[in-house]
Every structure is written in structure tokens, then in C-alpha cells.
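To start, the structure itself, in C-alpha cells.
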Amino acid sequence: MTRRARADAGFTLVEMMVVLAIIAILAGLAAARVADGKDLDQIANQAGNSVREASRLSAAAGPVSPQALTAGETAQVRLHIWGDAANDKQIVAIEKFTDPGAGLVWRVLSSFAITGKQRIVGYRSAPDINPGSAPQISLGPADQVTIDCNPRGACAASTLYFEDAGKGTRMKVVTMPLHGAPQVIRGW
């Protein structure tokens, strides 16, 4: 009877140590994943969604205002990407051309930052769905690019090239002409 009572008393020290080791390994993996931030899939999809939203906002805004046309602008909404070298990040913003009373300016409606080893490394002013191609224009830490959206809701045909230097993965976001929804494609 003592033998049975002793077996039902609980876990052994070795069993407890094994469970604690497994928990520590899982916690370390989770912490590394959180510290790594967004992965390239999420960033490319967020950029594609930003192009879609810019297209929607442009169509909702209607015709380009006479003031904007006078200022040489043919779009009211655009996607604007620029580097912030001082803070080691890139900003992707949806902007609208407005007249706040003090003059015509581009006002940021929404934005997100790309930090870490993920970057938009290049741009092409045409849709590029072919595998094995490279950016037409390389983007450095201080460079910028804009993708204009016309009043009909069509954003300029273009390709943004993304790269994760830490993992060696590449993706691209391709905006097709004539109201084409942006396509997120693995590799380039």
C-alpha cells in the first residue's frame, strides 16, 4: 500500500524539470518571433492594402480640384513611400491633396512604418509579374517614390520590390493598370 500511495503522490523532480525546459524553449521561440516584428508577408500585404485604400479614397474624392490642377497635380490621392535614415525605417503613407486655407499641401491620411531588416528595395513604373526580374529603380535609405491614383480610382501601374535581408526572402506588390487590384507575389 505504501508503494501505491507514493506513486500517486505527484510528479518526480525529473518530470518537473523536463516540463520547465519545454516551457522555457517555447517562451524563447515566442519572444524571438515577437522581437522580429512583422514578417515580409504581412508588410507586403499591408502595402497592397494601402494601394487598394488609396484607390478607393481617390474614387470617393471625385474630380481633381481646379486648385490642384493649377498647381500641376493630376491626382488627389497617392501612396507615398519615403526613407527615414535617421530612424532606420521607411514610411508608407496614403496622402490626399488638400487646401487647408494656407495653401495646397499633401496631408497624410494613414501610414505605417517598415523597420528592421525588411525593406522596400526597389520600384518599377510598370507592372512586373515576370519571375526573375529586378527593380528598375533601387531605393536607398533616403529615397522616396509616389504612386498617384486618379479620380476614377485607378492607381498608376507599378511594382514595389520588398526584401528581408535577415531571411533572404523577397516579394513584390504589383499594381495593374485600369483599376487592377494590387497583387502580392512571392519572389522576384
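In segment 122-161, what count of residues is obtained for those that are in contact with a Gly (Cβ under 9 Å, 6 or more places away or on another chain) and within 25 Å of Asp88 (Cα to Cα)? It would help to see each step written out before you state the result.
Taking segment 122-161 as the starting set, the residues that turn out to be in contact with a Gly (Cβ under 9 Å, 6 or more places away or on another chain) are 127, 131-132, 134-144, 151, 154-155, 157, 159-161.
Applying the additional criterion that residues be within 25 Å of Asp88 (Cα to Cα) yields 134-144, 159-161.
So the count comes out to 14.
Please find, among Glu163, Glu95, the residue that is surrounded by 16 or more Cβ atoms within 10 Å (Cβ to Cβ), under 29 Å from Thr70 (Cβ atoms), in contact with a helix residue (DSSP H, G or I) (Cβ under 9 Å, 6 or more places away or on another chain) and among the acidic types (Asp, Glu). So that I can check it myself, show each step before the final result.
Values: Glu163 fails: under 29 Å from Thr70 (Cβ atoms).
Going through Glu163, Glu95 in turn, the sole match is Glu95.
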**Looking only at segment 39-72, and only at residues there that are of a type in the set (A, V, I, L, M) and in a loop (DSSP other than H, G, I, E, B), the one that is farthest from Glu95 (Cα to Cα)** = Ala71
**Complete:** Matching residues in segment 138-151 (over 20 Å from Ile43 (Cα atoms) and either touching a Pro at 6+ places or on another chain (Cβ under 8 Å) or without any contact (Cβ under 8 Å) to a residue 40 or more places away in the chain (or both)) number 1
**Complete:** Considering residues that are over 17 Å from Ile185 (Cα atoms), in contact with a strand residue (DSSP E or B) (Cβ under 6 Å, 6 or more places away or on another chain) and not β-branched (Val, Ile, Thr), the number found within segment 144-168 is 5
**Item:** Residue within segment 19-29 that is part of a helix (DSSP H, G or I), of a type outside the set (Gly, Ala, Ser) and at pLDDT 90 or above present
**Value:** no
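Assess whether Ile137 counts as being surrounded by fewer than 14 Cβ atoms within 10 Å (Cβ to Cβ) and of a type in the set (Val, Ile, Thr). Spell out how you get there, then give the answer.
Numbers: surrounded by fewer than 14 Cβ atoms within 10 Å (Cβ to Cβ): yes; of a type in the set (Val, Ile, Thr): yes.
It is true that Ile137 is surrounded by fewer than 14 Cβ atoms within 10 Å (Cβ to Cβ) and of a type in the set (Val, Ile, Thr).
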**Message:** Out of the residues in segment 140-188 meeting the condition of being more than 25 Å from Asp84 (Cβ to Cβ) and among the charged types (D, E, K, R), tell me which one is modelled with the highest pLDDT.
**Reply:** Arg186
**Among (1) more than 24 Å from Trp106 (Cβ to Cβ); (2) in contact with a strand residue (DSSP E or B) (Cβ under 6 Å, 6 or more places away or on another chain); (3) part of a loop (DSSP other than H, G, I, E, B); (4) not aromatic (Phe, Trp, Tyr) - the single one Met171 does not satisfy** = (3)
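The values are calculated or read from the model by the stated rules, or taken from the named source; none is laboratory data. What you see is a predicted model, and the numbers here were worked out from it, not measured in a lab. Counting neighbours? That spans all protein chains shown, and the Cβs are built from the backbone with ideal geometry, glycine included.
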